[in-house]
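The values are calculated or read from the model by the stated rules, or taken from the named source; none is laboratory data. Everything numeric here is computed off the predicted structure, so don't read it as measured data. Counting neighbours? That spans all protein chains shown, and the Cβs are built from the backbone with ideal geometry, glycine included. These accessible areas exclude ligands, DNA and RNA; they are computed on the full protein's heavy atoms, side chains included. Shrake-Rupley method; radii C 1.70, N 1.55, O 1.52, S 1.80 Å.
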Amino acid sequence: IERTFSMIKPDATRRNLTGAIVKMLEDGGLTVIASKRVWMSRREAEGFYAVHKERPFFGELVEFMSSGPTVVQVLQGENAIARNREIMGATNPADAAEGTIRKEFAQSIGENSVHGSDAPDTASEEIAYWFSETEIVG
Ligand code: GTP
Ligand code: MG
């Protein structure tokens, strides 16, 4: 059984979509084993997205991610990392498949409603960035 890190982004919390998004994740076979709402600082956003710091959209990304509340979560399930990315859909909502979170809710490639880890090593790092072991109840 695998764990992944998930985040509901400010564009989605602002539109009161937290429950709708969690329902899609749960219906997709994933279980929420840790969850909290955080309004991250610019510094926290920069640290979280450090791998993207050379990308042209980095400033915009940090600005957006610190513009309002997010919900950070740990999800557990069979192939949770790949499963979560399937349920989220493509990064750009214009390319996202029917029935995915980003097809339903994302507003643009930047304001795309959710984040999900892309590999086991990044999942571990991202979980540890936001949660202590005692906050995760599997
Ligand atoms: P994450 O699950 O959020 O990591 O998305 P991803 O793995 O599908 O995309 P990627 O890692 O390539 O990019 C990380 C995040 O940067 C995306 O989710 C977007 O929020 C943002 N991003 C990517 N490309 C652009 C862009 O062209 N403009 C802006 N403003 N943001 C972008
Ligand atoms: Mg990514």
Excluding ligands, DNA and RNA, the carbon-plus-sulfur percentage of the accessible area of the chain with a 1.4 Å probe reads 49
Within the chain, how many Lys pairs sit with Cα atoms under 21 Å apart, leaving out pairs fewer than 8 places apart on the same chain? 6
Counting pairs of alpha carbon atoms under 8 Å apart in space and at least six apart in sequence, what relative contact order in percent does the chain give? 38
Residue-normalised accessible area of the chain, expressed per residue, 1.4 Å probe, Å²: 52
I want to check the label-to-label distance for Thr122 and Glu78. Put each point 7 Å from Cα in the C-beta direction and report it in nm to one decimal. 2.5
Mean Cβ-within-10 Å packing, highest first, puts peptides 46-55, 81-90, 116-125 in the order 81-90, 116-125, 46-55
Sequence-distant or interchain residues sharing an amide H contact under 5 Å with Ala90, placed H: which? Ala96, Ala97
For the stretch 1-103, take N as its residue count and report Rg(C-alpha) divided by 2.2 N^0.38 Å. 1.08
Add -39500 (n - 2.57) for each DSSP H run of 4 or more in the chain, then divide by its residues: what number comes out at 222 nm, to the nearest 500 deg cm²/dmol? -10500 deg cm²/dmol
